[in-house]
Amino acid sequence: MKPHHGTLILILGILSLFMCGIFTGIPAWVMANSDLREMDAGTMDPSGRGATQAGKVCGIISVVLAALCMLLVLAMFVLGFGFWAYHAQPPPLR
């Protein structure tokens with residue numbers, strides 16, 4: 001049986017929540033899916049299943065939060081630009 005990567009995945013997931021965002025969240029998510037698939041197939045040591053699942057959840061949460069933050073920034077930019085473009089027009093002539 002191959003050794004599990006549960007500890008590494010958990011560390012990547014925790015780092016994604018507190019410091020690195022999607023740069024470690026996506027690898028944690030992908031690695032966890034691969035390891036869990038191999039554990040289910042019986043080719044990888046299943047003793048790290050809990051850490052692997054926890055790292056996957058942390059990675060998913062960080063990716064979702066990062067996507068929401070990006071959408072919020074984009075919405076603020078679009079709405080802010082529209083507000084300033086509307087109010088930057090000269091007053092109508094009489």
task: Search the structure for amide H atoms under 5 Å from the amide H of HIS4, placed 1.01 Å from N in the peptide plane, and list their residues when 5 or more places away or on another chain.
output: ASP45
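Return the carbon/sulfur percentage of the accessible area of the chain, one whole number, probe 1.4 Å, all protein chains in place.
Numbers: 5110 of 6690 Å².
After summing per-atom areas, the C and S share lands at 76 percent.
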statement: Mean-square fluctuation maximum in Gaussian network of the chain, Cα pairs under 10 Å, restricted to ALA51, ALA28, ALA75, hits ALA75
message: Can you give me the C-alpha center-to-center distance between region 46-67 and region 1-40, rounded to a whole angstrom?
response: 6
- request: Using just the helices of the chain, give the 222 nm mean residue ellipticity in deg cm²/dmol: DSSP H runs with n ≥ 4 each add -39,500 (n - 2.57), and the total is spread over all residues, rounded to 500.
  value: -26000 deg cm²/dmol
message: What are the ³J(HN,Hα) couplings of region 43-57, residue after residue, when phi is run through the Karplus curve with 6.51, -1.76, 1.60 and θ = phi - 60°? Round to Hz, x for glycine and proline.
response: 9, 10, 4, x, 5, x, 4, x, 5, 5, 5, 5, x, 5, 4
message: Test of understanding: in a Gaussian network model of the chain with alpha carbons linked when under 10 Å, which of VAL73, VAL57, VAL30 would top the mean-square fluctuation ranking?
response: VAL73
statement: Which of [x] 1.07; [y] 1.42; [z] 0.96 gives Rg/Rh (Cα atoms, Kirkwood Rh) as computed here? It is [y]
message: To test your reading of the geometry: what angle, between 0 and 90 degrees and rounded to tens, separates the Cα axis of helix 22-41 from the longest principal axis of the chain?
response: 30
query: Looking only at GLY59, GLY42, GLY25, which one moves most when the chain is put into a Gaussian network model with springs between Cα atoms under 10 Å?
result: GLY42
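I'd like to check one number: the per residue accessible area of the chain, probe 1.4 Å, reported in Å² as a whole number.
Values: 6690 Å² over 94 residues.
For the chain, the solvent-accessible area averages 71 Å² per residue.
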task: Determine the relative contact order of the chain: mean sequence separation of Cα pairs under 8 Å and six or more apart, normalised by residue count, in whole percent.
output: 35
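May I ask you to rank LYS56, LYS2 by accessible area, largest first, using a 1.4 Å probe over the protein chains only? The partial results should precede the final answer.
Details: LYS56 55, LYS2 100 Å².
Solvent-accessible surface, decreasing: LYS2, LYS56.
The values are calculated or read from the model by the stated rules, or taken from the named source; none is laboratory data. Only a predicted model underlies this, so the values are computations on that prediction, with no experimental measurement involved. Please note that ligands, DNA and RNA were not included when accessible areas were found on the heavy atoms of the full protein model with its side chains. Shrake-Rupley method; radii C 1.70, N 1.55, O 1.52, S 1.80 Å.
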